[in-house]
Structure formats: C-alpha cells, structure tokens
Amino acid sequence: MLPKIFTSIKDWQAFLKKENLTHSLGFVPTMGNLHAGHQSLLERSVQENDHTLLSIFINPTQFDNHSDLENYPRTLEEDIDIARKTNVDFILIPTFSDLYPDNYTYKVQETHLSHIMEGKSRPNHFDGMLTIVLKLLLIAKPIRAYFGEKDFQQLQLVQGLAKAFFLDTEIIACPTIRDENGFALSSRNSRLSSEQYRQALLFPKLLSGQTQDSLKTIPEILSGCGFQIDYIEEHCGRRFGAVKLGNVRLIDNFCIQNSIQSSNSIPNPL
Ligand code: AMP
C-alpha cells in the first residue's frame, strides 16, 4: 500500500494525536536518495514496531559546503517507491520554513565528541545535524529511532543527545550495508565515475585491516593513490576514516577489535 504522505508538520501532529500512535512508532530520518542501507533501517523498524515513519529532508544547516548541498541527489519518486515496497506506513517531507520557524537562531551544540574527526573536518556540521534530529524526534515522537553505523560518530552523538535531553526514544544502531566489494553504500557514491569507484575500493580495504597496514602507513598509501586525506584515526578499537576522491567525500569505519563487535554497545571514542 502507498504510504500516507505528510508535507505539513501540523497535519502530521494532528494525525499522530488522533490515531494515538506514539507507543508503537518506529522512525527513520533520512535525506532521501534511498538505497539498500536506508532500506535496512526501514526493514528493521517495520519488523520491530506497529508503524514506521520515514522522513525525507535535505537539511541545509548540516552542510558546510554549498555545492555538496546543491548536488545532493534528489529522487523523491524512487524513494516513495522504496518506502512502499518496504511497507513503510507514513512519510514526512517537511519544508525548511516549517522545520525552522526560528530560522535556525536556536541550535543544539555538543562540545566534546563533536569536535573531533567529522566535527573537525566539517565545522558546524554536527550543530545542524543534532538540531534537526532533536526537532524531528520531538515532531515524530517515536518509541524507537534507527541510525546507521555508517555514520558512527553521528550515531554516538544522537545517543548522547537522547540521554542528555531525557528523550523518550530508544536510539537503535544498525550495521553498515556494503556492496559486493565491501564498499559502504552512500547517496554520494553515484557521483563517482566507474574508474573512481574501482580506485575507491582501496579505502575500505585498508581501513578494515584486511591488508594489515598500520594507522601510520594507511594515509601514505592512500595519498600515493590519489586520495586526499581528511583523517584516519582509531578510537576504542574502531578505525575511522574520511577521504576525498576528486570532489567526492567518502567516510567509513570498521571495528578492528573483536571485543567490541556488538552493534548496540557503542563505545565512546573519547
Ligand atoms: P542520510 O540519508 O545519509 O542522512 O542517512 C540516513 C540514515 O541512513 C543515517 O542513519 C545513516 O547512517 C544511514 N545509512 C546511510 N548509509 C548507510 C549504509 N550504507 N548502511 C547503513 N545505514 C546507512
């Protein structure tokens, strides 16, 4: 069945109140251009909750680069089709003015974990991300919300947000979905040429520890192969990396210690 689509936050809130869904709602916030990674989050929510809400909103406040925002793939028809096939019940597609009545004069800041890795490379990114996630969780009022380990630092910050502000939502960590070559699915992958894609496969191969290269040699090898390095770091048995190939930015992370393989117990890297 076609999911019920809401473009107005007020309409969604009125519907939520009327139907009294909050005790059984699972929520998957996204920026659209859905792929099998997003689909795995949706499938898990459909499995674990009576109803599932998907949100699609390309959040400008978390982009530090204007052309990245401009070029972000927009595929609404296909996204709705994936949601329908995954048995999603509701889709919220809000507008900027509806979500930011304050025009982003109010924002959420974390002052510790948000200052390393992605936070250091992309100033203000996590302020925008945490602000939109808080807004969406307050609007959706889900019992559970699903986030991917692909964006591990984001996931940890959202877990911290829920704890810091006593949110009534359990944040569920979902494993990274990769293609047959071990390359993490991402909406930005479609911008890689086929040659760049072949080249990019070296990134997860080195980061995952398959080649036994060390934290010191990995950046050297990647630089030598045409990658621009943002960071390669290890925290609590997990290796994190962000690189650029041409103008496409890739991020990934791997658990490199068997002792912390569980998806749901997330170590704080600090
Ligand atoms: P995005 O639309 O990129 O903001 O992503 C929405 C959610 O999907 C976030 O929680 C991401 O971590 C998650 N996600 C994106 N790519 C993947 C993937 N390859 N595997 C698992 N989750 C993913």
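Check the straight Cα-Cα distances from LYS205 and name the aspartates and glutamates below 12 Å, setting aside those fewer than 8 residues away within the same chain.
Counting by Cα, and skipping residues close in sequence, LYS205 has these aspartates and glutamates nearby: ASP213, ASP252.
To test your reading of the geometry: what angle, between 0 and 90 degrees and rounded to tens, separates the Cα axis of helix 125-140 from the longest principal axis of the chain?
The angle comes out at about 30 degrees.
Could you work out the Rg to Rh ratio of the range 187-255, with Rh taken as the Kirkwood radius (inverse of the mean 1/r over all Cα pairs)? Show your work: numbers first, answer last.
Working: Rg = 11.4 Å, Rh = 12.1 Å.
Rounded to two decimals, Rg/Rh equals 0.94.
Specify the inter-centroid distance of the range 158-179 and the range 92-145, based on alpha-carbon positions, in whole Å.
13
With labels modelled as points extended 7 Å from the Cα through the Cβ direction, what inter-label distance (nm, one decimal) is found for SER190 paired with GLN13?
In this crude label model, SER190 to GLN13 measures out at 3.3 nm.
Quick one: if the Förster radius is 22 Å, what FRET efficiency do GLU78 and ASP179 give, using the C-beta to C-beta distance and rounding to 0.05? If you can, show how the numbers build up before the last one.
Working: r = 18 Å, r/R0 = 0.81.
Here the calculated transfer efficiency is 0.80.
What is the ratio of the Cα radius of gyration of the range 107-250 to 2.2 N^0.38 Å, with N the residue count, to two decimals? All intermediate terms of the calculation are to be shown ahead of the outcome.
Numbers: Rg = 16.5 Å, N = 144, 2.2 N^0.38 = 14.5 Å.
My calculation over the Cα atoms of the range 107-250 gives 1.14.
Please grab the % of Cα pairs in the range 4-174 that end up more than 29 Å from each other.
On the way: 1975 of 14535 pairs.
Tail of the P(r) past 29 Å holds 14 percent of the pairs.
Helix 36-48 against the longest principal axis of the chain: what's the angle in degrees, Cα atoms only, rounded to the nearest 10?
In the chain, helix 36-48 runs at an angle near 40 degrees to the longest axis.
Using Cα atoms only, what is the angle between the long axis of helix 9-19 and the major principal axis of the chain, expressed in degrees (0 to 90) to the nearest 10?
60
Could you do me a favour and compute the accessible area per residue for the chain, 1.4 Å probe, result in Å²? Present the calculation step by step, with values, prior to reporting the outcome.
On the way: 13240 Å² over 270 residues.
Spelled out: the 1.4 Å probe surface of the chain, per residue, equals 49 Å².
Among LYS4/LYS150; LYS85/LYS141; LYS10/LYS85; LYS120/LYS163; LYS141/LYS163, which pairs are too far apart, with a Cα-Cα distance over 19 Å? Write out the running numbers ahead of the final one.
Values: LYS4/LYS150 28 Å; LYS85/LYS141 24 Å; LYS10/LYS85 27 Å; LYS120/LYS163 23 Å; LYS141/LYS163 15 Å.
Checking Cα-Cα distances, LYS4/LYS150; LYS85/LYS141; LYS10/LYS85; LYS120/LYS163 exceed 19 Å.
Per the helix-only calculation at 222 nm, which mean residue ellipticity applies to the chain, given -39500 (n - 2.57) for every DSSP H run of n ≥ 4 and division by its residues, nearest 500 deg cm²/dmol? Please report the intermediate quantities before stating the final value.
Details: 11 runs with 97 residues, N = 270.
Rounded to the nearest 500, the figure is -10000 deg cm²/dmol.
Quick check on the chain: of the DSSP beta bridges with both residues there, what percent are antiparallel, nearest 5%?
45
The values are calculated or read from the model by the stated rules, or taken from the named source; none is laboratory data. In this text the structure is predicted, and so the values were computed from the model without any measurement. Note that each Cβ is placed from the backbone with ideal geometry, even for glycine, and that neighbours are counted across all protein chains shown. Ligands, DNA and RNA are excluded from the accessible area calculation, which covers all protein heavy atoms including side chains. Shrake-Rupley method; radii C 1.70, N 1.55, O 1.52, S 1.80 Å.
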